[in-house]
Amino acid sequence: MKKVSLAILVSLSALTSAAYAQQDQGVTMSTDPAKAADVEQRAQDLQARQQAMESAPPAMPKHQKGMHHHKKPAAPAQ
């Protein structure tokens, strides 16, 4: 009986996952002018940010503190 209930549970889980994956959460169409203006403003902001990054001089890499490997001092001659 445990095997049957486990198989049903796995099947329901798989069906739930498949149903969730089928939901279209991507592109939507709207005729609301406020939403359209918001999308256009975001696109302009993104474009301005990309242009600013392209025109900015390349950043200097930060100094990373790592393991410093020092040579052991030579043993004194005896």
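Restricted to region 11-40, and to residues that are surrounded by 10 or more Cβ atoms within 10 Å (Cβ to Cβ), of a type outside the set (S, T, N, Q) and at pLDDT below 90, which residue is farthest from the chain's Cα centre (by Cα)? Among residues in region 11-40 that are surrounded by 10 or more Cβ atoms within 10 Å (Cβ to Cβ), of a type outside the set (S, T, N, Q) and at pLDDT below 90, the one farthest from the chain's Cα centre (by Cα) is Leu12. The residues listed here are Lys71, Lys65; of these, the one that is modelled with pLDDT of 70 or more, more than 25 Å from the chain's Cα centre (by Cα) and basic (Lys, Arg) is Lys71.
The values are calculated or read from the model by the stated rules, or taken from the named source; none is laboratory data. All figures in this text were calculated on a predicted structure; none of them were measured in a lab. Here the Cβ is made from the backbone with ideal geometry for all residues, glycine too, and neighbour counts use every protein chain on show.
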